[in-house]
Amino acid sequence: MKIEIQNVEFKNFLSYGNSPQRLDFIEGINLVLGKNIESGRSNGAGKSSLIETIPFALFGKLSRPINKAGIVNWKNGKNCEVKLTFKKGDNTYIVLRAIKPDKLEI
């Protein structure tokens, strides 16, 4: 049985700061595009960081080699949170994982 990711909410995660962010997924294929407003380029816009929220919420790890302290946004240094909502069958699950302070809620 597959899982259907519905949305992800996060703050103080990698390149994202203290302002809460939310991405809602629609059924089918979702395309992530980004543009850095300051430079006008797509490099450094946070696309990879956004995708890393999913394995972090589910497994507490990233797909690339970054230590736990490096996951927390360097400017704020605390309150890193990722909340992932997904469906499996008829059930909806919410996983909240945080660093500084450490927390895991399902």
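The values are calculated or read from the model by the stated rules, or taken from the named source; none is laboratory data. Because the structure is a prediction, the values reported are computed rather than measured. A quick note on method: Cβ atoms are made from the backbone with ideal geometry, for glycine too, and the neighbour counts reach across all protein chains shown. In case anyone asks, the SASA skips ligands and DNA or RNA and just uses the protein heavy atoms, side chains included. Shrake-Rupley method; radii C 1.70, N 1.55, O 1.52, S 1.80 Å.
Values as computed for the structure displayed
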quantity	calculated
Residue match in region 58-76 (condition: part of a strand (DSSP E or B), polar (S, T, N, Q) and on the phi < 0 side of the Ramachandran plot)	no
Test: residue in region 83-92 that is in contact with a Lys or Arg (Cβ under 7 Å, 6 or more places away or on another chain) and either on the phi > 0 side of the Ramachandran plot or modelled with pLDDT under 90 (or both)	no
Region 64-77: number of residues that are open to solvent by less than 40 Å² (accessible area, probe 1.4 Å) and closer than 10 Å to G17 by Cα	3
In region 48-63, the residues that are open to solvent by 70 Å² or more (accessible area, probe 1.4 Å) and at pLDDT below 85	S48
Within region 1-24, considering residues that are hydrophobic (A, V, I, L, M, F, W, C) and over 15 Å from E52 (Cα atoms), the one most open to solvent (accessible area, probe 1.4 Å)	M1
Selection count, region 78-92, where residues are touching a residue at least 40 places away in the same chain (Cβ under 8 Å) and open to solvent by 30 Å² or more (accessible area, probe 1.4 Å)	8
Number of the condition not met by I29 [criteria: (1) in a loop (DSSP other than H, G, I, E, B); (2) surrounded by 10 or more Cβ atoms within 10 Å (Cβ to Cβ); (3) not aromatic (F, W, Y)]	(2)
